[in-house]
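Following: one structure in structure tokens, then a few remarks.
The values are calculated or read from the model by the stated rules, or taken from the named source; none is laboratory data. Not measured: the values here are computed from a predicted model. Using ideal geometry, Cβ is built from the backbone for each residue, glycine included, and neighbour counts are taken over all protein chains shown.
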Amino acid sequence: MATSTLDVEAHVLPTQLRLRHHAQSTITRLHTLPRKHPIWDALSRAHRRRNNLGLYARFPLAGVLKIMDLERLREIEMIDLAPLPPWRPETFSKIEIEPHQESAMERAEAARSASDIVVYSDASGRQGRLGATATTLNDSTETTESLQIHVGPMDRWSVHVAELLGICILSISSTALPSSDGV
């Protein structure tokens with residue numbers, strides 16, 4: 001009784017709940033490993049045994065899996081720690097910086113006609129702070145999506161990273177939110 005009162009006063013979960021939480025976190029982390037990882041043999045056995053009945057000793061992983069939602073575990077992103085081969089295709093096909101506005105506009109028009117999506121980005125600093133913007137245009141050169149963000153102090157972020165953050169956040173927000181014209 002004194003231990004449970006102490007747990008409440010210290011805002012600490014009871015031991016059984018803390019153990020369950022750690023076990024569930026471990027199972028979740030294990031599900032992010034690639035399917036070829038050796039731990040998947042044990043996880044597969046645990047998945048098969050989770051609904052077994054009887055008085056025999058339970059496989060510990062199966063006991064934890066019994067209280068977890070397997071559908072949500074299947075949705076977890078797999079993290080492959082294997083290094084990528086150096087001959088893989090690059091993420092960005094081209095990053096171009098033109099010194100003159102006229103040639104930049106010509107190249108931008110050529111890129112828009114050759115690609116499905118072209119994102120324009122820019123970043124700059126002011127008073128020690130860094131900001132970025134990213135935008136996409138439709139075929140009529142009207143802005144379809146645009147984003148301005150504050151990135152942080154200039155001594156911690158570069159202009160190039162700020163531009164990439166703008167592109168990344170724009171692409172995430174455009175896939176997560178419905179477009180303004182309802183399409």
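For the stretch 85-101, which residues satisfy the criterion of being of a type in the set (A, V, I, L, M, F, W, C) and at pLDDT 70 or above? Steps first, answer last, please.
Step one: list which residues in the stretch 85-101 are of a type in the set (A, V, I, L, M, F, W, C), which gives 87, 92, 95, 97.
Listed by number, the residues that qualify are Trp87, Ile97.
Filter the stretch 56-84 down to residues that are part of a loop (DSSP other than H, G, I, E, B), modelled with pLDDT under 80 and assigned by TED's automatic domain parsing to the domain that holds His21 and give me whichever is farthest from Leu19 (Cα to Cα).
Among those residues, the one meeting the criterion is Tyr56.
List pairs: first residue in the stretch 35-50 and farther than 17 Å from Glu71 by Cβ and touching a residue at least 12 places away in the same chain (Cβ under 8 Å), second residue in a helix (DSSP H, G or I) and not aromatic (Phe, Trp, Tyr) anywhere in the structure, Cβ distance under 6 angstrom, at least six positions apart or on different chains.
Every condition considered, the pairs that remain are Arg49/Ala62.
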